[in-house]
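Student: The following block contains the structure, expressed as structure tokens.
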Amino acid sequence: MRVYSSLKIEIDNAAENDSSMKLTTKGRYAVTAMLDISLHCDDKPVSLAEISERQDISLSYLEQLFSKLRKQGLVSSMRGPGGGYRLSRAPSKIAVSEIIMAVDENVDFSNCGGKGNCQQDERCLTHNLWMDLSRRIQSFLDDISLEEMMSHRDVLEVAARQDDEKVLKQA
């Protein structure tokens, strides 16, 4: 079993160059919301209001994310009472990397977007290092499915706690 929690990406060189890799709230929230649907979809769609409440993510932000996720074919929507979202494929067939890319994030650590023009239109000294890191992270995220994340005990414990908190709020 892979331990994915050991990968913590918090690089933000936006002041220096906007093409640097940063996994923003957009990518994190999209993965969180997709995992929430995976855990709660059973036989009915999951509403964004439910996800918003459980995950403490703004409803309007979720609407923006799910517009992109739907356009990329990762979720389907059902309108009307009892409507919401479902995964378009089985959780085993949706990789974390797909979710991140669907909301316009990337995993490129280079300052040049992989073009090799990092330093005065030439390749910089550490270009290959950052490109290799980018490929490894992409591969790592390609290999983690929603189903795999759902099988982690800590994920299940957090989901159970969130469900219990929702029941207590309704009482």
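Student: Kindly indicate the residue of the range 130-166 that is among the small types (Gly, Ala, Ser), farther than 19 Å from ILE51 by Cα and surrounded by 15 or more Cβ atoms within 10 Å (Cβ to Cβ) and also modelled with the lowest pLDDT among those meeting that condition.
Tutor: Narrowing the range 130-166 to residues among the small types (Gly, Ala, Ser): 134, 139, 145, 151, 159-160.
From what's left, farther than 19 Å from ILE51 by Cα: 134, 139, 145, 151.
Of the ones still in play, those that are also surrounded by 15 or more Cβ atoms within 10 Å (Cβ to Cβ) are 134, 145.
Working: SER134: 88, SER145: 98.
Residue satisfying both the conditions and the ranking: SER134.
Student: Would you mind stating whether MET101 is open to solvent by less than 100 Å² (accessible area, probe 1.4 Å), closer than 23 Å to ASP43 by Cβ and either assigned to a helix (DSSP H, G or I) or basic (Lys, Arg) (or both)? Lay out the reasoning, then the answer.
Tutor: Values: open to solvent by less than 100 Å² (accessible area, probe 1.4 Å): yes; closer than 23 Å to ASP43 by Cβ: no; either assigned to a helix (DSSP H, G or I) or basic (Lys, Arg) (or both): yes.
So MET101 does not fit the description; no.
Student: Has the range 121-143 got at least one residue that is touching a strand residue (DSSP E or B) at 6+ places or on another chain (Cβ under 6 Å) and outside any loop (DSSP other than H, G, I, E, B)? Don't jump to the end; show me each part of the working.
Tutor: So the first thing to find is which residues in the range 121-143 are touching a strand residue (DSSP E or B) at 6+ places or on another chain (Cβ under 6 Å), and the list is 142.
Checking which are outside any loop (DSSP other than H, G, I, E, B) leaves us with 142.
Checked against the condition, which is being touching a strand residue (DSSP E or B) at 6+ places or on another chain (Cβ under 6 Å) and outside any loop (DSSP other than H, G, I, E, B), the range 121-143 yields at least one hit.
Student: Mind listing just one residue for me: the one in the range 47-77 that is farther than 24 Å from LEU141 by Cα and in contact with a strand residue (DSSP E or B) (Cβ under 6 Å, 6 or more places away or on another chain) and, of those, surrounded by the most Cβ atoms within 10 Å (Cβ to Cβ)?
Tutor: Filtering first and then ranking leaves SER47.
Student: Can I ask one more? Quick check on the range 78-98: of everything there that is closer than 18 Å to ASP143 by Cβ and not in a loop (DSSP other than H, G, I, E, B), which residue is most open to solvent (accessible area, probe 1.4 Å)?
Tutor: LYS93
Student: Further question on the same structure: Between residues in the range 129-142 that are hydroxyl-bearing (Ser, Thr, Tyr) and residues that are surrounded by 14 or more Cβ atoms within 10 Å (Cβ to Cβ), which pairs lie under 7 Å by C-beta distance while being six or more apart or on different chains?
Tutor: Filtered contacts from the range 129-142: SER134/MET21; SER134/VAL107; SER134/ASP108; SER134/PHE109; SER134/SER110.
The values are calculated or read from the model by the stated rules, or taken from the named source; none is laboratory data. Predicted, not measured: the structure shown is a model, and the values here were computed from it. So basically every Cβ, Gly included, is an ideal-geometry build from the backbone, and we count neighbours across all protein chains shown. Each accessible area value is taken on the protein alone, full model and side chains, heavy atoms only, with ligands, DNA and RNA left out. Shrake-Rupley method; radii C 1.70, N 1.55, O 1.52, S 1.80 Å.
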